[in-house]
Amino acid sequence: MALIVQKYGGTSVGKPDRIKSVARRVAGYVARGHKMVIVVSAMSGETNRLLGLAKEISPTPDPRELDVIASTGEQVTIGLLSMALKDLGLKARSYTGGQVRILTDDAHTKARILSIDEHNIRRDLDEGHVVVVAGFQGVDEKGNITTLGRGGSDTTGVALAAALSADECQIYTDVDGVYTTDPRIVPEARRLDRITFEEMLEMASLGSKVLQIRSVEFAGKYKVKLRVLSSFEDEGHEGPGTLITVEEDVNMEQPIISGIAFNRDEAKLTVLGVPDRPGIAYQILGPIADANIDVDMIIQNVGHDGSTDFSFTVNRGEFARAMEILESVRQHIGAREIKGDNRICKVSAVGVGMRSHPGVASKMFRTLAEEGINIQMISTSEIKVSVVLDEKYLELAVRVLHRAFELDQPAQ
């Protein structure tokens, strides 16, 4: 018997028959003696519909009221799923984030969880209830409804698993696990049986959309066993999914590379003819940070003749604003010119095996060179190598790198 937290995303609960299917799957776990806590998202498309209504009323909605509106989607789902479970003869009880007392800070629309009062949930579990909790939401100290940002239901699931010391947190989605890359680009992509938290963090931050990055951080911090599964496989016939776990739990030799991640939402900005003096990087990036724009990769060329060139990347949605800021910075620091390119992408090779296997970067560069693909920027960490390329080469680069690192071959 185990305590299991399951999270179901919007597509998994998108229609009444899908909700009934979830209820049958949960009933199967209960029949095997497990205690179950179920976290659900709003039905697919519902959050967008609610936010669209808000925008029709006000072009710049008040964040507090936006959270009041957006949180209602999950409230509908918990009620429907609890009804479906009761129709199957189970005891079930639904909770909003506020009823659980998922305490967050007051950063509306992107709040962070501070603590969870699990007392009522434990009591209900001991009395034989399936507990159904609304994902994506909580309350601040003053009792205001807050939401955790896009994908926040993943974080709710992991946070509850941590608070309850659950045996496993299972994230049900529309894919049956984490793949070596996007199967829509590389049909030969393989499902990974297991992946480390470090690798999953890199994959999530580099564009793999299977899990929200904050949920992976949370799981890694609190050592929550995380498993990604498909809710579209028949109950009783689901595969093992992908287990995300700490590296120390794995006794076998790690593959060198676990996956190829990519991100299309990138833009590059270059400041040409920057005076080569101490503090210049801060003078350029300080105003960018003040505008709450995240900077990813940074390159500064070797100075010559008293000047240098300075390049960095931002999310494509922040490109126009960043260019605007740089233009005023250019005049202030006396740089020659600002150039921008919002038609780039980032492709990355990720794997903890890199630590003990040199030569990953050179193999990656050689593979791209053989295809005539020019690398514009490079960034590395202990377990990843990322390159910025012209966007038109994205799919080709992902395919050839996937093949070069033999990710299409069955795991040994």
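The values are calculated or read from the model by the stated rules, or taken from the named source; none is laboratory data. A quick note: this is a predicted structure, and the numbers were derived from the prediction, not measured. All Cβ positions, glycine included, derive from the backbone under ideal geometry; neighbour counts span all protein chains shown. Remember, those area values only see protein heavy atoms, side chains included, never the ligands or the DNA or RNA. Shrake-Rupley method; radii C 1.70, N 1.55, O 1.52, S 1.80 Å.
Couple of notes before you dig in:
- Filter result for Pro410 (free of Cβ contacts under 8 Å to residues at least 40 places away in the same chain, open to solvent by 60 Å² or more (accessible area, probe 1.4 Å) and within 29 Å of Thr196 (Cα to Cα)): no
- Residue match in the range 333-345 (condition: touching a helix residue (DSSP H, G or I) at 6+ places or on another chain (Cβ under 6 Å), open to solvent by 20 Å² or more (accessible area, probe 1.4 Å) and basic (Lys, Arg)): yes
- Number of residues in the range 116-140 that are closer than 18 Å to Phe218 by Cα and free of Cβ contacts under 8 Å to residues at least 40 places away in the same chain: the value is 1.
- Looking only at residues in the range 277-303 that are among the aliphatic types (A, V, I, L, M) and open to solvent by 70 Å² or more (accessible area, probe 1.4 Å), the one that is farthest from Val388 (Cα to Cα) is Val302.
- Residues of the range 154-174 that are in a loop (DSSP other than H, G, I, E, B), buried (at least 19 other Cβ atoms within 10 Å of the Cβ) and under 19 Å from the mean Cα position of the chain (by Cα): none at all.
- Any pair with Cβ under 6 angstrom, 6 or more apart, that starts in the range 31-42 at a residue that is open to solvent by less than 20 Å² (accessible area, probe 1.4 Å) and ends at one that is aromatic (Phe, Trp, Tyr): Met36/Tyr29; Val40/Tyr8
- Residues that are assigned to a loop (DSSP other than H, G, I, E, B) and either touching a His at 6+ places or on another chain (Cβ under 7 Å) or open to solvent by less than 40 Å² (accessible area, probe 1.4 Å) (or both) within the range 106-136 comprise Ala107, His108, Ala111, His129, Gly135, Phe136, listed in sequence order.
- Of all residues making up the range 59-81, the number that are open to solvent by less than 10 Å² (accessible area, probe 1.4 Å) and either of a type in the set (Asp, Glu) or in contact with a strand residue (DSSP E or B) (Cβ under 8 Å, 6 or more places away or on another chain) (or both): 7
- Qualifying residue in the range 137-153 (condition: in contact with a Leu (Cβ under 7 Å, 6 or more places away or on another chain), closer than 26 Å to Asp87 by Cα and not in a helix (DSSP H, G or I)): no
- One residue stands out in the range 346-361 among those that are of a type in the set (Gly, Ala, Ser) and open to solvent by less than 70 Å² (accessible area, probe 1.4 Å): the one that is farthest from Val178 (Cα to Cα), namely Gly359.
- Considering the conditions (1) buried (at least 20 other Cβ atoms within 10 Å of the Cβ); (2) at pLDDT 95 or above; (3) within 16 Å of Ser153 (Cα to Cα), Leu103 is excluded by exactly one of them, (1).
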